[in-house]
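J.: Here it is, the structure in full.
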Amino acid sequence: MASPNSETLERYKNAITAASSVVGAAMLLRRFVADVLPDTALGALLLLPPASARRHSVVIEEFDGAFYNRVFLAAKAYVSTLLAAAPVPLMKATLPRGAGAEQITLAMRPGTAVVDVFDGAELTWRLSSHGGRRRGGGDDAREVFKLSFDGRHKDMVLGAYLPAGMARVAALSQGHRQAKLYSNEWGKWRPVRLRNASTFATLAMDDALRQAVVADLDRFLGRKEYYARTGRAWKRGYFIHGPPGTGKSSLVAAISNHLRFDVYDLELGSVRSNTELRKLLIRMKNRSILLIEDVDCAAVAAPRGGAAGGGPDYGSTSSMNRKVTLSGLLNMVDGLWSSSGHERILIFTTTHVDQLDRALLRPGRMDMHVHMGYLGFGAFRELVATYHGAADDAHPLFPEIEALLREVEVAPAEVAEKLLVTDDAGAAIETVAKLLRDRKAGTEEDGGGHHSSHWVRITFSGLVHYDPERDRLGYQWMSQLLALTIYAILLMPGFLQVGYYYFFSSQVRRSIVYGEQPRNRLDLYIPKDISRPCPVVAFVTGGAWIIGYKAWGALLGRRLAERGIIVACIDYRNFPQGTIGDMVSDASQGISYVCNNIASYGGDPNRIYLMGQSAGAHISACALMDQAVKESSGQSISWSVTQIKTYFGLSGGYNIHRLVDHFHERGLNRSIFLSIMEGEESLSRYSPEIVVKQSSSQIIALLPLIVLMHGTEDYSIPSSASQTFADVLQQVGAQAKLLLYEGKTHTDIFLQDPLRGGRDPLVEDVLSVIYVDDEITQEKISVTPAPRRLVFEWQLQLARRISPF
Ligand SMILES: Nc1ncnc2c1ncn2[C@@H]1O[C@H](COP(=O)(O)OP(=O)(O)OP(=O)(O)O)[C@@H](O)[C@H]1O
């Protein structure tokens, strides 16, 4: 007999078996129905509404695992665009951090819904919230969007509605986003307010070139897969070159505005070390542009043993002898960007392709080279259209302008300036035609003074322009002015004695007129004994091209006159009265006066030496090279380079390209310095080092012995400037000698040493050159009592420390 327990078990088994049979049968039936009967027939059989007519939903959760669900974010952004016009009773308003009030966005509250209509279909977005505040603090609330719609529209929703919504959100976010401009300051990226609104539509350039650049940019953006597959850094390099004012910076802005990429404008001169550079590069966001303008002038300090090569480093003292080339920078960029970051663009711009490290121009280094040239007629028409609306094809001046543009070189910036002058298109076009005619005839409004006034204008407009460094430079100027005042007070006893000599000594002949310009004057320091014709030094004083004055040569004039040498201190126009061209022309005229008239003052016209200090060394070297070029080409000249026995350059700079950043760092604003030098395009012309490199052997053969003298602790113009110039001179076969004064600063060799009295190394070296063949005079000088001290040692020491030079 079965026990009650076994009965129960039996009943349980039977139930399970029956249930399994029912389930199995149901499954079989389902399978059969599904296989044999179509969906609609089944629905009809069961009296259900057709599947397509039922409500379907897509659930979009806020998080996908630990990460934000990008579809949710897009949905949220999309829904917010529906809210303003929707009858939703409760909404919340949000403002993205740092955005302006115009960017207030509306958002749904959980538990509310909004209806959208697309292609005649109604779609409901409902927001709900799950989870909430956790006990131990924190919040795990998660929001969910449910998009529901009639099942008949399923294909349309998935195939058209959702993609269109996503695209709209992407377009909106791009549209809202203002590309930012950053510049580096003290090792950090700082946003800059100044923005260039240029776009490819407003940029006048060759149409084929414009299309090529845009296509290249778009291809770059769409090649994520390609870069990932090939393992290359997702970056692209553009090298933009062309004369000033042709739109290089505007092209960068157009690229940035096209891609909506931020621009990081890297000022290499302000980068203090390789580590700082690396940090700056790492801190750039994705989808951004690294811009290095004027790469021909760029130099940056790097740690000892860092990337090698490159031009001399004119950075701070602590960075002496530390260099990184642009190729080094490129290597760093390659290394960092291939391991982190993507969608990065690197842009170099320059006006001087010839000044560049060849390695940079090697194919493959920069992906695309873009030349921005002078204005052509097509681009001119575009400019007219930009500034005055669609251009009238039949404007009567167009044929003439088209012909003129084929003959004269004019930068788009110049024409843009003219077009802006008036709202009257006809009058503006007439102004442009006049500019072109004048240029062709060589009779532009400001004639010879064109450069000066043009650059002065730019300088003053540059001064009122927003400049993120202005505060720092302003502070630097103030502190340097204070230092200069204290420096002058400390050395005042010496200056007063020299001043007394200058004004009251019968050995000084002041302000002899040598030309027609206002500052065409020179002072003569004449030795007591002129019974025999004396050697002559034509001296051009320093003063940063701004504060040069002939009297600054009084101490040197006195010292040399005491040793039998006539010194002629040549004054010249300073900035802004004149620019470098005027200064060089004045100096040359002064030298000419000396060469042609010095015999009447007791000088020996066969023993003329040229000397310049600091800016004066630069100006006189330019005058010398200019004259040599003229002389070798057979032009008529008023003095001959061969009349100069030796050129002495004291603490000078001879490659201006390398000094722009250095001076800017030391407080001589770049725009002012460029104005003094008549703009970037003139830097090579006024860099004797470059002129020498480009000179023929006939020109070099004309040059006298060149003696370059420099203190090794000169921070105003580092001694490497003389060193490099000496090297270049020697390489081209000129006679050059470099004399370095260990531990001496910019003013030590010229001011403090002579004020100290006793032996003066610089004067001794000059004398040894001038009297090299004159043993009797050398003998005489050796027994002449050394000059007496003019200032106490403590004052000199203190002045040296405080010196702003
Ligand atoms: N190709 C151009 N199309 C339209 N405007 C231009 C063009 N080139 C210059 N401009 C106008 O001239 C101004 C100065 O041009 P931009 O600074 O871009 O020239 P640049 O070549 O970078 O000059 P620089 O070498 O002196 O820095 C621009 O703000 C713009 O108004």
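J.: What pairs from Lys180/Lys248; Lys248/Lys440; Lys630/Lys693; Lys76/Lys146; Lys180/Lys285 go past 20 Å between their alpha carbons?
T.: Lys248/Lys440
J.: Tell me whether segment 377-445 comes out rounded, prolate or oblate; compute the Cα gyration tensor, take square roots of the eigenvalues as a ≥ b ≥ c, and use a/c under 1.5 as the rounded threshold.
T.: Because a/c hits 1.5 or more and a/b exceeds b/c, segment 377-445 counts as prolate.
J.: From the Cα gyration tensor of segment 508-792, with a ≥ b ≥ c the square roots of its eigenvalues, which class applies: rounded if a/c is under 1.5, or else prolate if a/b is larger than b/c, or else oblate?
T.: Judged from the Cα gyration tensor, segment 508-792 comes out rounded (a/c under 1.5).
J.: If you don't mind, another one. In Å, the Kirkwood hydrodynamic radius of segment 537-592 over pairs of distinct alpha carbons?
T.: 11.5
J.: Would you grab the residues whose amide H sits under 5 Å from the one on Phe63? Only those 5+ places off in sequence or on another chain, please, with H modelled 1.01 Å from N.
T.: It is Asn69, by chain and number.
J.: What order do you get for Val157, Val728, Val214, Val432 when you list them from fewest to most C-beta neighbours inside 10 Å?
T.: Placing the least packed residue first, the sequence is Val214, Val728, Val157, Val432.
J.: Starting with the fewest neighbours, write out Asp116, Asp155, Asp748 ranked by other beta-carbon atoms found within 10 Å of each beta-carbon.
T.: The order, fewest Cβ neighbours first, is Asp155, Asp116, Asp748.
J.: Assuming a ≥ b ≥ c are the square roots of the Cα gyration tensor eigenvalues, decide whether segment 630-762 counts as rounded (a/c under 1.5), prolate (otherwise, with a/b larger than b/c) or oblate.
T.: Oblate shape, in that a/c is at least 1.5 and b/c is the bigger or equal ratio.
J.: May I ask what percent, to the nearest 5, of DSSP beta bridges between residues of segment 508-792 are antiparallel?
T.: Antiparallel bridges make up about 20 percent of those DSSP assigns within segment 508-792.
J.: Let me spell out the model: positive unit charges on the Cβ of Lys and Arg, negative unit charges on the Cβ of Asp and Glu, origin at the Cα centre of segment 508-792. What dipole size does that give, in debye rounded to 20?
T.: Rounded to the nearest 20 debye, it is 700 debye.
J.: Would you mind ranking Lys744, Lys146, Lys440, Lys76 by Cβ crowding within 10 Å, fewest neighbours first?
T.: With the sparsest Cβ surroundings first, the list reads Lys440, Lys146, Lys76, Lys744.
Bear in mind that the values in this text are calculations on the coordinates, not laboratory data. In this text the structure is predicted, and so the values were computed from the model without any measurement. Virtual Cβ from ideal backbone geometry, glycine too; neighbours counted across all protein chains shown.
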